[in-house]
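The values are calculated or read from the model by the stated rules, or taken from the named source; none is laboratory data. Model, not experiment: these values are computed from the prediction. Positions of Cβ are generated from backbone atoms using ideal geometry, with glycine treated the same way; all protein chains shown enter the neighbour counts.
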Amino acid sequence: MRSNVDPWNDREIVGWIADETDLNKPVAIEIVADGRVTRTVTADLLRQDLAEAGYGDGRHGFAVPDFKAAIPAGTKSVELRIAGGGPGATIGVKFLAPVSEFDADEALRLSQLRWRGDEHDAGLTWGELWTGDAFLDTALRVATIMPKAKIVEIGPGYGRILATLIERDVSFQRYLGVELSERRVARLNQRFGADRIEFRCGDVN
Ligand SMILES: C[S@@+](CC[C@H](N)C(=O)[O-])C[C@H]1O[C@@H](n2cnc3c(N)ncnc32)[C@H](O)[C@@H]1O
């Protein structure tokens, strides 16, 4: 399953989702308000960009123009997920109330639902794709990476820090990235996987 939810604004939710194993079958998604399903939407709107990218006839878009009309007043969180739920079904989570209004367990549960999904890369770094340059410049002011270094990154996201290490030709012996999202791990291993580089799915908590 591949999906993308545009950055949510206060009114509408726009995105797409496609089942790569059956591109003719539109996917149904649910809007879940504080844990309750309030609406189901079929992702069957034509998206020319998806048709051009080879996603069948491109009819995999969805739009919920006024999502707040579909949820009870005072809702604190909204989850967007593949109908029926289950592991990895969440494709987006939005906190409508300040995090301070959630108890710690609920805030952790919701943030993990979000992280375990397959949010588009830029969504992980505040709407823009970043390089790892600023991080590495800061880290290298206080530490040295030796050629025998074994690097562990917790939550590699889309791998910008490793990409920068490689671009700068920094020598290291091994790199292990531990990431909550199974789908990100699959993409990262496909992009970077090598003898000395590995991503594993896991929760460091
Ligand atoms: C904001 S992104 C940052 C990614 C990357 N470190 C960077 O600087 O670009 C946070 C990443 O950490 C992952 N993550 C969050 N909690 C985690 C946990 N408990 N165990 C492993 N990965 C986790 C998320 O899935 C997400 O990909």
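So here's what we get for this one:
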| quantity | calculated |
| --- | --- |
| Total residues in region 129-145, condition within 15 Å of the ligand (Cβ to nearest atom) and of a type outside the set (Gly, Ala, Ser) | 8 |
| Condition check for residue 88: under 20 Å from residue 182 (Cα atoms) and part of a loop (DSSP other than H, G, I, E, B) | yes |
| Criterion violated by residue 93 - all others in (1) aliphatic (A, V, I, L, M); (2) modelled with pLDDT of 95 or more; (3) within 16 Å of the ligand (Cβ to nearest atom); (4) surrounded by 15 or more Cβ atoms within 10 Å (Cβ to Cβ) satisfied | (2) |
| Inter-residue pairs, beta-carbon under 8 Å, first farther than 15 Å from residue 193 by Cβ and small (Gly, Ala, Ser) and in region 144-172, second assigned to a helix (DSSP H, G or I) and within 12 Å of the ligand (Cβ to nearest atom), 6+ apart | 155/115; 157/121; 157/124; 157/184 |
| Qualifying positions in region 170-205 - basic (Lys, Arg), near the ligand (Cβ under 10 Å from one of its atoms) and at pLDDT 95 or above | 200 |
| From the options 76, 68, 148, residue that is away from the ligand (no atom under 16 Å from the Cβ), farther than 26 Å from residue 183 by Cα and touching a helix residue (DSSP H, G or I) at 6+ places or on another chain (Cβ under 8 Å) | 76 |
| Matching option when the condition is surrounded by 15 or more Cβ atoms within 10 Å (Cβ to Cβ) and either without any contact (Cβ under 8 Å) to a residue 12 or more places away in the chain or in contact with a Leu (Cβ under 6 Å, 6 or more places away or on another chain) (or both), among 74, 132, 88, 56 | 56 |
| Of all residues in region 1-13 being over 17 Å from residue 77 (Cβ atoms) and of a type in the set (Asp, Glu), the one that is surrounded by the most Cβ atoms within 10 Å (Cβ to Cβ) | 6 |
| Yes/no for residue 126 being within 11 Å of the ligand (Cβ to nearest atom) and in contact (Cβ under 8 Å) with a residue 60 or more places away in the chain | no |
| Selection from region 96-123 of residues that are within 12 Å of the ligand (Cβ to nearest atom) and polar (S, T, N, Q) | 111, 112 |
| Residue in region 152-166 that is exposed (fewer than 14 other Cβ atoms within 10 Å of the Cβ), away from the ligand (no atom under 12 Å from the Cβ) and over 18 Å from residue 116 (Cα atoms) present | no |
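Each row is one residue, and each column tells you yes or no for (1) of a type in the set (Asp, Glu); (2) modelled with pLDDT of 90 or more; (3) closer than 23 Å to residue 114 by Cβ; (4) crowded, with 16+ Cβ neighbours inside 10 Å.
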| position | (1), (2), (3), (4) |
| --- | --- |
| 15 | no, yes, yes, yes |
| 27 | no, yes, yes, yes |
| 40 | no, yes, yes, no |
| 51 | no, yes, no, no |
